[in-house]
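The structure appears right after this line, and notes come after that.
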């Protein structure tokens with residue numbers, strides 16, 4: 001079976017309009033993750049429709065706040081809290097914000113530093 | 001408005017095998033809101049990818065969870081193979097498929113046992129787990145391990161199955177199938193089981209898709225989505241049809257899992273009939289450089305694997321989006337409006353795996 005599996009870089013300005021557009025086209029959020037890069041964070045938002053996958057790739061500076069997508073896709077709240085808590089990504093207005101208490105961990109943002 | 005009270009539920013509860021906590025907001029005995037807390041045993045296994053050689057990490061990926069162990073190893077290996085342009089030999093693809101389907105049978109039988117136990121139906125619990133033991137024996141026979149058996153490697157698998165083992169698996173599958181029929185009938189037709197499951201926690205197809213439900217939870221709402229249809233391992237050569245039900249309630253989720261066990265028996269037989277001769281692994285040289293997203297239809301639903309490599313033997317990132325992470329948001333919707341007495345059962349019907357979620 002042939003299916004789409006793409007990674008598409010977007011800017012912060014393009015990001016939310018693109019997320020809204022995906023919602024309007026019937027995509028749902030399947031995965032959200034952060035990774036450390038020299039510029040700050042690389043955020044990957046993967047959306048699924050039938051068997052197709054599209055990943056929006058957003059690269060932001062360490063202190064750059066990013067809007068939560070939970071107003072559009074409420075089910076993203078767990079994964080957004082995870083990215084905020086493990087990596088320290090500044091995600092604003094998460095619908096169910098655990099404010100750093102999703103995981104009982106002894107170290108703050110343990111995934112932020114490499115190694 | 002009726003007076004509201006908050007009842008803490010978990011993390012230790014007789015029905016929950018793993019720690020999850022909910023603050024249940026009740027009006028009388030009706031749940032109006034549920035706020036989940038997880039993270040009691042977060043292990044940071046994804047982070048270890050920066051410290052372990054990418055070939056060693058297969059063993060870590062397998063230890064994310066005891067039930068989905070084989071699939072996690074497979075998902076990770078397929079990501080790295082995709083980045084490195086390595087294709088596992090066809091025989092390895094078939095062996096992976098046989099172990100994957102045996103894992104599904106093992107997981108679903110375990111879940112049926114837990115469900116029976118939650119219902120207080122002890123003999124049904126024991127029968128379900130008695131049958132599961134036979135599958136664990138097949139893991140033991142073919143790999144030397146019963147739960148975590150470490151047979152995946154980048155480029156294929158580490159162990160082959162000889163013809164005697166394949167015959168033994170076929171015989172065992174026939175035996176379990178025969179013995180499962182009365183057990184399955186009890187789950188699907190017994191009045192006491194039906195009185196607890198029928199009509200409980202109805203999830204519409206629209207909500208299931210919109211809230212990101214995966215696996216039996218999604219298919220029980222009538223959505224025919226099964227990522228085995230993407231054709232990874234040997235699934236492209238086999239006749240996979242998504243098993244669906246339409247009611248979307250707890251009984252539908254039970255029915256889908258039972259029918260998937262029978263489907264797994266059929267897929268195991270088909271794979272054994274078609275497995276080609278040949279190598280079980282190809283040599284892998286160099287280090288991966290690039291990134292890849294892969295998905296596997298784990299017993300509990302679709303899992304998504306992401307690997308980002310930098311050309312060294314240590315990876316930049318491994319990400320595993322577990323089925324339970326996707327099924328918690330729709331579960332919270334299901335809890336709204338249910339009775340306090342049904343909460344434990346409803347949580348169980350999504351087949352939560354907190355071990356996977358706390359990777």
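Just so it is clear, none of the values below were taken in a lab; they were calculated from the coordinates. Computed from a predicted structure; not experimentally measured. Here the Cβ is made from the backbone with ideal geometry for all residues, glycine too, and neighbour counts use every protein chain on show.
When you go through B:275, B:268, B:258, B:296 one by one, which is the residue that is in contact with a strand residue (DSSP E or B) (Cβ under 6 Å, 6 or more places away or on another chain) and closer than 30 Å to residue B:184 by Cα? Spell out how you get there, then give the answer.
Working: B:275 fails: in contact with a strand residue (DSSP E or B) (Cβ under 6 Å, 6 or more places away or on another chain); B:268 fails: in contact with a strand residue (DSSP E or B) (Cβ under 6 Å, 6 or more places away or on another chain); B:258 fails: in contact with a strand residue (DSSP E or B) (Cβ under 6 Å, 6 or more places away or on another chain).
None of the others qualify; the one that does is B:296.
Filter segment A:38-52 for residues that are at the interface with chain B (Cβ under 10 Å from one of its Cβ atoms) and more than 15 Å from the chain's Cα centre (by Cα); which is farthest from residue B:209 (Cα to Cα)?
A:51
Tally the residues that are at the interface with chain A (Cβ under 10 Å from one of its Cβ atoms) and either under 19 Å from residue B:105 (Cβ atoms) or assigned to a loop (DSSP other than H, G, I, E, B) (or both), restricting the search to segment B:210-222. Outline the logic, then answer.
First, pick out the residues of segment B:210-222 that are at the interface with chain A (Cβ under 10 Å from one of its Cβ atoms): B:210-214.
Those still in the list that are either under 19 Å from residue B:105 (Cβ atoms) or assigned to a loop (DSSP other than H, G, I, E, B) (or both) too: B:211-214.
Matching residues across segment B:210-222 total 4.
Just to verify a result, which residue in segment B:165-209, among those that are assigned to a loop (DSSP other than H, G, I, E, B) and touching a helix residue (DSSP H, G or I) at 6+ places or on another chain (Cβ under 7 Å), is nearest to residue B:243 (Cα to Cα)?
Selected residue: B:203.
Is segment B:209-217 home to any residue that is under 24 Å from residue B:185 (Cα atoms), touching a residue at least 12 places away in the same chain (Cβ under 8 Å) and out of contact with any strand residue (DSSP E or B) (no Cβ under 8 Å at 6 or more places or on another chain)?
Initially, segment B:209-217 is screened for residues under 24 Å from residue B:185 (Cα atoms), giving B:215-217.
Next, only the ones that are touching a residue at least 12 places away in the same chain (Cβ under 8 Å) stay: B:215-217.
Add one more test, that the residue is out of contact with any strand residue (DSSP E or B) (no Cβ under 8 Å at 6 or more places or on another chain), and what stays is none.
For segment B:209-217, residues under 24 Å from residue B:185 (Cα atoms), touching a residue at least 12 places away in the same chain (Cβ under 8 Å) and out of contact with any strand residue (DSSP E or B) (no Cβ under 8 Å at 6 or more places or on another chain): absent.
Does residue B:65 satisfy the criteria of being touching a residue at least 24 places away in the same chain (Cβ under 8 Å) and in contact with a strand residue (DSSP E or B) (Cβ under 8 Å, 6 or more places away or on another chain)? Steps first, answer last, please.
Numbers: touching a residue at least 24 places away in the same chain (Cβ under 8 Å): yes; in contact with a strand residue (DSSP E or B) (Cβ under 8 Å, 6 or more places away or on another chain): no.
No; evaluated as a whole, the condition is false for this residue.
Give the residue that is surrounded by the fewest Cβ atoms within 10 Å (Cβ to Cβ), with candidates limited to residues of segment A:35-70 that are touching a helix residue (DSSP H, G or I) at 6+ places or on another chain (Cβ under 9 Å) and outside any strand (DSSP E or B).
A:64
Considering (1) farther than 24 Å from residue B:357 by Cβ; (2) assigned to a helix (DSSP H, G or I); (3) in contact (Cβ under 8 Å) with a residue 60 or more places away in the chain, say which one residue B:133 fails and leave the rest.
(3)
Out of segment B:336-349, which residues are more than 17 Å from residue B:13 (Cα to Cα) and touching a helix residue (DSSP H, G or I) at 6+ places or on another chain (Cβ under 9 Å)?
B:338
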